[in-house]
Amino acid sequence: IYDLELIDVGKVYDNGTTAVSAFSLAVNKGEFIAFLGPSGCGKTTTLRMIAGFESISSGDMMIKGVRMNDVPPEKRPTATIFQNYALFPHMTVRRNVAYGLEVKGMAKAERDRKVDRIIATLGLEDIAERKPEKLSGGQRQRVALARGLVIEPDILLLDEPLGALDANLRKAIQNELKILQRTLGVTFIFVTHAQSEALALSDRVVVMNQGRVEQVSPPHQLYTRP
Ligand code: ADP
Ligand code: ADP
C-alpha cells in the first residue's frame, strides 16, 4: 500500500485552463519526491490538489489507500510549507508552532511536549519567544517547517520553500530536510523549478511539462536514456 497515489489526476480551472492532465504517481512511505519543471507546468496545482486546497477535476488521489478527493484539507494527514512562510506575525515562534495543535483541541501538557520536541529538533530554542519580524529568512523557514512537522503529518508538502533564501542558507536547510526525512520517516513532496535542488534532495524526480509528467527517475538516471 502506497503512502500517496495519484491516478490519472487532472485539473481544469473554472476559467477553462487545463493545468494538469493524466498525472499518475505512486509514492512509498518516507520517499523524497521532487516535482521539477518550468513556471506554469502545473507543479503548485498538483501540490494543492494533494493538500486539498484545490479540487481534483478528474482521476483519484489516495493516501494510505483511502480516497481523498472529497476530504477537506484539515482532515488530510498532510502539512504544507509555503515559500512565503505564512507565519502569524502577532504570535511568538512557540505559539506559531503550537497553533495547529491548539486548533485540534489537544490538551496543554501533550501540546507542550510535542512543541518542545520539534523546537529542539529544529534548533529553535533560543528564538522561541520571538515574533517572526525579529527573525532571519532561514529562521522563519525553520519555524514554518516546525509548524508543519509538529502535527506529525504523513506527508509534508513543500512549495518552493527555499526560493527566498541565499545560497548558503539554502544548502544548510537542504541538509536539514534530508536529516528530517531520515529521522522522522515523513514522506516529502517538494516543488521546485531548480534542477540542482531536485537532484540534491530527492529520491525520485518527477519532471513536468505543460501539465504532464514527462519522466519519473532517481536523480542519477535523470539524464540517461533507456
Ligand atoms: P507551476 O507551479 O508549475 O508554476 P501552476 O500549477 O501554478 O504551475 O500553474 C499551472 C497552470 O495553471 C498555469 O497555466 C497557470 O497559469 C494556471 N493557473 C494556476 N492557478 C490558476 C487559477 N487559480 N486559475 C486559473 N488558472 C490557474
Ligand atoms: P501561485 O501558485 O501562482 O503562487 P496561488 O493562488 O496558488 O498562486 O497562491 C498564492 C500564494 O498564497 C502562494 O504563495 C501560495 O503558496 C500561498 N497560499 C496558498 N494557499 C495558502 C494557504 N492555505 N495558506 C497560506 N498560504 C497559502
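One table, with the values for the structure above:
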| quantity | calculated |
| --- | --- |
| Sites excluded, trypsin sites (Lys or Arg not before Pro) in DSSP loops with at most 16 other C-beta within 10 Å, longest stretch of the chain | 131-226 |
| Backbone HN-Hα couplings from phi across segment 171-185 [Karplus 6.51/-1.76/1.60, Hz, Gly and Pro as x] | 4, 4, 6, 4, 4, 5, 4, 5, 5, 4, 4, 5, 7, 9, x |
| Ranked list, fewest to most other Cβ atoms within 10 Å of each Cβ, for 46, 18, 121 | 18, 121, 46 |
| 14 Å beta-carbon shell around residue 114, net charge (K/R +1, D/E -1) | +3 |
| Mean ellipticity per residue at 222 nm, deg cm²/dmol - from DSSP H runs of n ≥ 4 across the chain, formula -39500 (n - 2.57) | -10000 deg cm²/dmol |
| Using alpha-carbon coordinates, inclination of helix 108-121 to the longest axis of the chain, degrees | 70 |
| Whether the chain is rounded, prolate or oblate, judged on the alpha carbon gyration tensor where a/c under 1.5 counts as rounded | prolate |
| Residues whose placed amide H lies under 5 Å from that of residue 32, excluding near-sequence neighbours | 188, 203, 204 |
| Residue order, fewest to most surrounding Cβ atoms within 10 angstrom, among 190, 82, 88 | 88, 82, 190 |
| Hits among lysines - C-alpha to C-alpha of residue 43 under 20 Å, sequence gap 8 or more where chains match | 11 |
| Global form of segment 72-112, assessed from the alpha-carbon gyration tensor, a/c cut-off 1.5 | oblate |
| Sequence of 116, 166 once ranked by neighbouring C-beta atoms within 10 Å, starting from the fewest | 166, 116 |
| Under the Karplus curve 6.51 cos²θ - 1.76 cosθ + 1.60, θ = phi - 60°, whole-Hz ³J(HN,Hα) for segment 204-216, x wherever Gly or Pro sits | 9, 10, 9, 8, 10, 8, 6, x, 10, 7, 8, 6, 10 |
| Lys/Arg +1, Asp/Glu -1 at C-beta; the chain dipole; positive extreme among 80, 193, 46 | 80 |
| Relative contact order for segment 60-191, counting Cα pairs under 8 Å that sit 6 or more residues apart, in percent | 33 |
| Beta bridges per DSSP with both ends in the chain, % antiparallel, nearest 5 | 50 |
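Every number here is computed from the coordinates shown, using simple stated rules; none is lab data. Just so we're clear, the structure is a prediction, and the values are computed from it rather than from any experiment. Every residue, glycine among them, receives a Cβ derived from its backbone with ideal geometry; neighbour counts consider all protein chains shown.
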